[in-house]
Amino acid sequence: MKGISILYLFWYLFSFVYATQAKHVLVIIADDFGWADVSFHNTGGIQTPNIDRLVGGGLELTNYYTQHICTPTRSALLTGRYPIHTGLQTNVIAISQSSGLQRDEMLLPEYLESCDIKQRHMVGKWHVGHGHSWMTPWKRGFETFSGYLAGAEDHYTREWCMEQTDWCGVDYSEHSASLSGPTNSSWGKYSGDLYLQKMSEIVKSIDPTKDSFIYFAPQHVHYPLQALERHLVKYSWIKDTNRRNYAAMVASLDEIVGDVIDLYHKNRLLKNTIGFFVADNGGETRDGGNNWPLSGQKWTLLEGGVKATGFMFGGLVPLGKYNGLFHVSDILPTVMEAFNCPIKKKIDGYAQWEAIIYSNDFPRSQILHNIDPTKINKVANDSRTWNSDWDVRVQAALRKGPWKLITGDPGFTSDEVPEFPVSPPEWHQQGPYKTRGLISQITGKSSDYYFDNHRNKLVRLYKIDEDPTESRDISDQNPSIVEEMLNILIKYNSTMVPPQLPDLDPFSNPKLHEGFWFPWISDEYNSKKQML
């Protein structure tokens, strides 16, 4: 009884101190960061000493999952909702599209604003809509913003062109008490240095006695592959050009992360920090990334596309490993639970803060990886039938406990981007793409297994805890589990909103906006379009 009383007193004191101290939440989301591209996974030749130290003093999320591409992931993080519920389940938002998070969606900084948390800042990549001014970060709860609104840009000039058009311009905006709008002031400065400078300015402005939230979305390691010479020298031994540039950009990312953490420490914030470091999707193997030993890559619903590096850090985070399922949509409710701030909308994410600090049962047992109704596999020759009304040609993936179900085509169908695990190219000084000739060498299976039999299946089932590389489809041996999960997909599908698929808008052309990519749609514009 005495031991129980002491334990109760400890938790009472911890809860009291925790509830009364200021909390500083920092979310860092790396762009296109491969599973094998962090050295604490012990898989590749790339070294990430700062990230390694951070996870070593923090909490590794061993079952962290994300969406398979940028926009769906960032929308899920900011809303706590699956992309099927925001209409952003199909693709990334092109720089000339008007799609995005709609007015009725409530974003994480808006929730925090409703709880009177005043220090809310963002640096880096937005990519959840910018056609309307009300879609921008400074209209969605952030006090300040320095960064770019779309998905990619030149790391020095901030320029980007809409594919298959001559619409080119600068995508960089700043919003603060003294400045609001697009600007060319950062021209020529490397993105890593620029965004670190902006983070330094913000962190130094934070009052450590009051709650704060910073969302840091650096450009690294997204294409275009542009690295600093001092980092390229470290990886001169890698012969593959893309991989060498990518590795150098990872070195830059690691350096940035280390510098940001130093800023938090020097400004007396780190001891009261709840930090997240996550990747937005799997690595893009065509641009030097690697996900070994996972199958697939960015753009696919295979593990290499959706299982990502994720961990928590900071003085308020316990040490060790957290083995429960954790999805990117859980970040919002977990942050809200940490701040004791109510959520006013129905969301898909699970609050996991109490499970993390009190070692409670894992809240999540299921993840909808995605449903994309626009991707229908009409090629595969799979005559099997199932006791379910789900259209197995539709691209979808669902995790339930240890089981993972995939229907339709999980992503790519070309030999250029294989579904099997591909080792980092520096291991054997060859390019990052593997074709039929190397499949047997890498996997021990014939090429026919992957390219003929494997891809001809419209339904696949894997037991991920036993088969994390998705090499053994066991759908035929487990029909009841397949049918149960197909019926779960039907339930999710009944709640799905239609994908936002607007045409490219010529009125977005930067030539009409002084050379900048910036919101171009007004209420007057919409009225005119409706009259046409």
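Coordinate-derived values only; no laboratory data. Quantities reported herein were computed from a predicted structural model and do not represent experimental measurements. Cβ: placed from backbone, ideal geometry, glycine included. Neighbour counts: every protein chain shown.
What percent do you get for the relative contact order of the chain when only Cα pairs under 8 Å and 6+ apart count?
About 22 percent, as a whole number.
Just tell me the longest site-free run in the chain, where the sites are GluC sites (Glu not before Pro) in a DSSP loop having at most 14 other beta-carbon atoms within 10 Å.
Longest gap between qualifying sites, sites excluded: 164-415.
How many percent of all Cα-Cα pairs in segment 349-399 sit more than 15 Å apart?
64 percent
Roughly how far apart, in whole Å, are the Cα centres of segment 239-272 and segment 143-188?
Here the answer is 22 Å between Cα centres.
Once you list every other residue whose beta carbon is under 13 Å from the beta carbon of ASN272, what net charge do they have if Lys and Arg are +1 and Asp and Glu are -1?
Surrounding charge for ASN272 is +2.
What are the residues whose amide H is under 5 Å from the amide H of ALA30, where those residues sit 5 or more places off or on another chain and H is modelled from the backbone?
VAL278, ALA279, ASP280
Need one number: % antiparallel among DSSP beta bridges in the chain, to the nearest 5. The partial results should precede the final answer.
Numbers: 33 of 64 bridges.
DSSP beta bridges in the chain are roughly 50 percent antiparallel.
Kindly provide the trypsin sites (Lys or Arg not before Pro) of segment 72-115 that DSSP labels as loop, not H, G, I, E or B, and whose Cβ sees at most 12 other Cβ atoms within 10 Å. Mind dumping the intermediate values first?
Values: sites: ARG74, ARG81, ARG103; in loops: ARG81, ARG103.
Passing both the DSSP loop test and the Cβ count: ARG103.
For the residues TRP167, TRP517, what sequence is obtained by ranking on other C-beta atoms within 10 Å, fewest first?
On the way: TRP167 20, TRP517 28.
Listing TRP167, TRP517 from fewest to most nearby Cβ atoms yields TRP167, TRP517.
Whose amide H sits under 5 Å from the amide H of SER212, counting only residues 5 or more places off or on another chain, with H placed in the peptide plane?
Residues meeting the criterion, in which the H sits 1.01 Å from N, are LYS23, HIS24, VAL25.
Using the Karplus equation 6.51 cos²θ - 1.76 cosθ + 1.60 (θ = phi - 60°), what ³J(HN,Hα) coupling, rounded to whole Hz, does each residue of segment 66-83 give in order, writing x for Gly and Pro?
3J(HN,Hα) across segment 66-83, in whole Hz: 9, 8, 8, 8, 4, 4, x, 5, 5, 5, 5, 5, 7, 10, x, 10, 4, x.
Give the shape of segment 33-121 as rounded, prolate or oblate, defined through the alpha-carbon gyration tensor: a ≥ b ≥ c are the square roots of its eigenvalues, a/c under 1.5 means rounded, and otherwise the shape is prolate if a/b is larger than b/c and oblate if not.
Working: a/c = 2.60, a/b = 1.52, b/c = 1.72.
Oblate, since a/c reaches 1.5 and b/c is not below a/b.
Grab the other residues whose beta carbon is less than 15 angstrom from that of TRP237, score K and R as +1, D and E as -1, and report the net. Could you put the intermediate results ahead of the total?
On the way: positive: LYS234, LYS239, ARG243, ARG244; negative: ASP240, GLU426.
With Lys, Arg at +1 and Asp, Glu at -1, the neighbours total +2.
Quick one: order CYS115, CYS341 by neighbouring beta-carbon count within 10 Å, fewest to most. Don't skip to the answer; put the middle values down first.
Details: CYS115 13, CYS341 19.
Lowest to highest Cβ neighbour count: CYS115, CYS341.
Kirkwood hydrodynamic radius (Cα pairs, Å) of the chain?
About 23.9 Å for the chain.
Where the only charges are on Cβ atoms (+1 Lys, Arg; -1 Asp, Glu), what is the dipole of the chain about its Cα centre, to the nearest 20 debye?
The calculation lands at about 800 debye.
Excluding GLY124 itself, what net charge comes from residues whose Cβ is under 10 Å from its Cβ, given Lys and Arg +1 and Asp and Glu -1?
Here the charged neighbours net out to +1.
If the cut-off is a Cα-Cα distance under 26 Å, which lysines reach LYS139, setting aside same-chain residues fewer than 8 apart in sequence?
Output for LYS139: LYS23, LYS118, LYS125, LYS198, LYS204, LYS210, LYS344, LYS345, LYS346, LYS511, LYS528, LYS529.
Hey, any idea what the orientation-averaged projected area of the convex hull of segment 84-173's Cα atoms comes to, in nm²? Write out the running numbers ahead of the final one.
Working: hull surface 25.7 nm².
Result: a mean projected hull area of 6.4 nm².
Which ³J(HN,Hα) values in Hz, rounded to whole numbers, follow from the phi angles of segment 348-355 under the Karplus curve 6.51 cos²θ - 1.76 cosθ + 1.60, where θ = phi - 60° and Gly and Pro get x?
9, x, 10, 6, 10, 5, 5, 4
If Rh is defined by the Kirkwood formula over all Cα pairs and Rg also comes from Cα, what ratio Rg/Rh do you get for segment 164-312?
Ratio of gyration radius to Kirkwood radius for segment 164-312: 1.00.
Could you list ILE488, ILE28 in order of exposure, starting from the residue whose Cβ has the fewest other Cβ atoms within 10 Å?
Ordered by Cβ neighbours within 10 Å, fewest first: ILE488, ILE28.
Over segment 286-363, what is the mean sequence separation of C-alpha contacts under 8 Å (at least six apart), divided by residue count, expressed as relative contact order in percent?
Relative CO of segment 286-363 lands at 20 percent.
How long are the three semi-axes of the equivalent ellipsoid of segment 147-245, in whole Å, if each is the root of 5 times an eigenvalue of the C-alpha gyration tensor, listed from largest down?
After scaling each eigenvalue by five and taking roots: 28, 21, 11 Å.
Which whole-number percentage describes the relative contact order of segment 101-151, with Cα contacts under 8 Å and a sequence gap of 6 or more?
Over segment 101-151, the number comes to 43 percent.
Going by a ≥ b ≥ c, the root eigenvalues of the Cα gyration tensor, does segment 63-213 fall in the rounded group (a/c under 1.5), the prolate group (a/b larger than b/c) or the oblate group? Mind showing how you got there, number by number?
Values: a/c = 1.69, a/b = 1.06, b/c = 1.60.
Cα axes put segment 63-213 in the oblate bin.
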